[in-house]
Amino acid sequence: MSDFSGQRVIVTGGTRGIGAAITEAFLAQSAEVIATYAGNQGAAEAFVARVANERLKIHAFDVADPVAVEAFWKGLEGAPIQVVVNNAGIRKDQIVGMMPIEDWRRVLSVNLDGNFYMAKQAVLAMSRQRYGRIINITSPSGELGFAGQANYSASKAGQVGLTRALAKEVAKRNITVNCVSPGFIDTELLSDLSEEHKKGFLEMVPMKRFGTAAEVAHAVLFLASKEASYITGAVLDVTGGI
């Protein structure tokens, strides 16, 4: 189930945090991976140097730009793409009454619109080969809603709706579309929180620890496998029981 030899994988936001762990997990299972990033070239190049794998390629573009997304797909060379992991996402937290409109729009643009733009191109490509795996990285925030994260929560709830609708549209073409929903994962996304907030979040987790990026990557690999062929339109929680 863990052998991805001969498969090409795209991981958006694939050079940092959870995305980097997903990229490394696919590389460890013999896949060729194209990891995308928005603009932190230094971090991307450092990741490439650390991984040191000839099957890893990186590409910079903004998933919220439909023209850039289409150009990326048109510029792909080589074998077809079997797996797309939509992991790119941002947070701009603020209570609704104080949230700048541009922060609302930017989070929805990256997290939800970007998911749609990538999925659209993936479906067009995968339909020709009548096979594919699309995995969208969502969040329990989309279901539970967290104070100060109305934009993020709305974007993540939208991802689930998009996933379930798209799964029905492409099921006959042997393309599955699923979500992985990580809870509180020990990455840089938690590093900007105060110790008080971290303690409060930890108390919400029945397992009483934060998850690891590798644990999320394992879930993604399962849904991306050929053996997961009858799972579509599903949300796999990796939350420690939240």
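The values are calculated or read from the model by the stated rules, or taken from the named source; none is laboratory data. Nothing here was measured: the structure is a model prediction, and the numbers come from that model. Note that each Cβ is placed from the backbone with ideal geometry, even for glycine, and that neighbours are counted across all protein chains shown. Note: areas computed on protein heavy atoms with side chains; ligands, DNA, RNA excluded. Shrake-Rupley method; radii C 1.70, N 1.55, O 1.52, S 1.80 Å.
Can you list the aspartates and glutamates whose alpha carbon sits under 14 Å from that of residue 198, skipping same-chain ones fewer than 8 residues off?
186, 188
Could you work out which residue, out of 174, 87, 136, moves most in a Gaussian network model of the chain, that is, has the largest mean-square fluctuation with Cα springs under 10 Å?
Looking only at 174, 87, 136, the largest GNM fluctuation is found for 174.
Of 158, 218, 126, which is farthest on the positive side of the dipole of segment 101-242, counting Cα position, with +1 on Lys and Arg Cβ, -1 on Asp and Glu Cβ, and the Cα centre as origin?
126
Give me the angle, in degrees from 0 to 90, between the Cα long axis of helix 17-28 and the longest principal axis of the Cα atoms of the chain, rounded to the nearest 10.
On a 0 to 90 degree scale, this one is about 30.
Could you tell me the relative contact order of segment 1-93? Use alpha-carbon pairs under 8 Å, at least six residues apart, and round to a whole percent. Walk me through the numbers on the way to the answer.
Numbers: 152 pairs, mean separation 32.9, N = 93.
Over segment 1-93, the number comes to 35 percent.
As a check on your grasp of the helix formula, calculate [θ] at 222 nm for the chain: sum -39500 (n - 2.57) over DSSP H runs of n ≥ 4, divide by the residue count, round to the nearest 500. Let's see the in-between values first.
Working: 10 runs with 107 residues, N = 242.
Taking each H run of at least 4 residues, the total per residue is -13500 deg cm²/dmol.
Ignoring ligands, DNA and RNA, please state the percent of accessible area on the chain from carbon and sulfur, probe 1.4 Å.
On the way: 6300 of 11660 Å².
Carbon with sulfur: 54 percent of the solvent-accessible area.
Can you spot the lysines whose alpha carbon is less than 21 Å from residue 199's alpha carbon? Ignore those fewer than 8 places along the same chain.
92, 208
Heads up, I need the accessible area for residue 199: 1.4 angstrom probe, whole protein in place, Å², nearest 10.
Accessible area, nearest 10 Å²: 130 Å².
Among rounded, prolate and oblate, which fits the chain when a ≥ b ≥ c are the square roots of the eigenvalues of its C-alpha gyration tensor, a/c under 1.5 means rounded, and a/b larger than b/c means prolate? Numbers along the way, then the final one.
Working: a/c = 1.42, a/b = 1.38, b/c = 1.03.
Rounded is the answer for the chain, as its axis ratio a/c remains below 1.5.
Across the chain, where is the longest run that never hits GluC sites (Glu not before Pro) in a DSSP loop with at most 11 other C-beta atoms within 10 Å? Before the final figure, lay out the partial values.
Numbers: sites that count: 54, 77.
With a cap of 11 other Cβ atoms within 10 Å, the longest stretch comes to 78-242.
Leaving out ligands and nucleic acids, note down the accessible area per residue over segment 1-130 with a 1.4 angstrom probe, in whole Å².
On the way: 6290 Å² over 130 residues.
For segment 1-130, the solvent-accessible area averages 48 Å² per residue.
Got a sec to turn the phi values of segment 72-84 into Karplus ³J(HN,Hα) couplings, 6.51 cos²θ - 1.76 cosθ + 1.60 with θ = phi - 60°, whole Hz, x for Gly and Pro?
3J(HN,Hα) across segment 72-84, in whole Hz: 4, 5, 5, x, 5, 10, x, 5, x, 9, 9, 9, 10.
Charges at C-beta only: +1 for Lys and Arg, -1 for Asp and Glu. How large is the resulting dipole of the chain about its Cα centre, in Debye rounded to 20? Don't skip to the answer; put the middle values down first.
On the way: 24 positive and 24 negative charges, 159 e Å.
It comes to approximately 760 debye.
Probe 1.4 Å, all protein chains in place: accessible area of residue 104 in Å², nearest 10?
100
What is the distance in Å between the Cα centres of segment 30-67 and segment 152-214?
Going from one Cα centre to the other spans 21 Å.
Using a cut-off of 20 Å between alpha-carbon atoms, which lysines can reach residue 120, once sequence neighbours fewer than 8 places away in the same chain are excluded?
Answer for residue 120, where 20 Å is the Cα cut-off: 74, 156, 168, 172, listed by chain and number.
Could you check which residue among 90, 135, 22 shows the biggest mean-square fluctuation in a GNM of the chain with a 10 Å Cα cutoff?
90
Could you give the nm distance between label points at residue 106 and residue 55, where each point is 7 Å from its Cα heading toward the beta carbon?
The answer from the label model is 3.6 nm.
Would you work out the relative contact order for the chain, in percent, from Cα pairs under 8 angstrom that are 6 or more residues apart? Intermediate results must be reported in sequence, preceding the final value.
Numbers: 479 pairs, mean separation 49.2, N = 242.
Rounded, it is 20 percent for the chain.
Could you size up the charge dipole of segment 36-130 around its Cα centre, putting +1 on the beta carbon of Lys and Arg and -1 on that of Asp and Glu, and report it in debye to the nearest 20?
Numbers: 11 positive and 10 negative charges, 69 e Å.
For this selection, approximately 340 debye.
Just to be sure I understand: with springs between alpha-carbon atoms less than 10 Å apart, which residue in 51, 107, 216 has the highest mean-square fluctuation in the Gaussian network model of the chain?
Top of the fluctuation ranking is 51.
Could you tell me the accessible area of residue 103 in Å² (1.4 Å probe, neighbours in place), rounded to the nearest ten?
In the full protein context, residue 103 sits at about 40 Å².
May I ask you to compute the full-extension gain from residue 227 to residue 186, defined as 0.36 nm times their residue separation minus their alpha-carbon distance, rounded to one decimal in nm?
On the way: separation 41, 0.36 × 41 = 14.76 nm, distance 2.89 nm.
The span from residue 227 to residue 186 would gain 11.9 nm if fully extended.
Using alpha carbon coordinates only, what is the Rg to Rh ratio of segment 155-242, with Rh defined as the Kirkwood radius? Spell out each step's value before the answer.
Details: Rg = 15.3 Å, Rh = 14.4 Å.
Dividing the radius of gyration by the Kirkwood radius yields 1.06.
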